[in-house]
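Notes follow the structure.
Just so it is clear, none of the values below were taken in a lab; they were calculated from the coordinates. On a predicted model such as this, the values are computed, not experimentally measured, just so you know. Don't worry about glycine lacking a Cβ; one is built from the backbone with ideal geometry, like all the others, and counts go over all protein chains shown.
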C-alpha cells in the first residue's frame, strides 16, 4: 500500500521497524488523543509524499504499551524516527507539517551512504 501509514503492533514491531534498512517514521498515538487526531492527516500526507523513501507507521499506545514503554513515550503524539533499527530523532506533540518535512529531509540527507 503505497502512501499510507501502516499499523504496527508490539508483535510486529521487530519485523516492521527494527529490521527495516531505511528511514522509518513511527507515530505513537491513541484514539482519545486530540492532538493525535490533528496530526493524523499530516502523517497520511507525509506517507504519500515520501512513499518509497520513508516507511511511515502508526502505533496505538493503548493497544501496544510494550513498545511505547521501551522508548519512554510519555506524551502523545510522539513521532520517532528510526534508521537501520536505531532511534535517531524524536518529535513530541502536534507540529506543523513543515517541521515534520524539515526533520525527514534532514534525516534523508544523512541517510544516503555512499555505496
Cα pairs beyond 23 Å in the chain, in percent, come to 20
Scoring the chain by relative contact order with C-alpha pairs under 8 Å, at least six apart, yields a percentage of 35
Between the modelled labels at residue 53 and residue 18 (7 Å from Cα along Cα→Cβ) the distance in nm is 2.9
Note: residue 4 to residue 31 extended length (0.36 nm per residue) minus current alpha-carbon separation gives 7.9 nm
Quick calc: nm separation of the 7 Å Cα→Cβ label points for residue 109 and residue 62 -> 3.9
Expected unfolding gain across residue 97-residue 70 under the 0.36 nm per residue rule, minus the alpha-carbon gap, is 7.1 nm
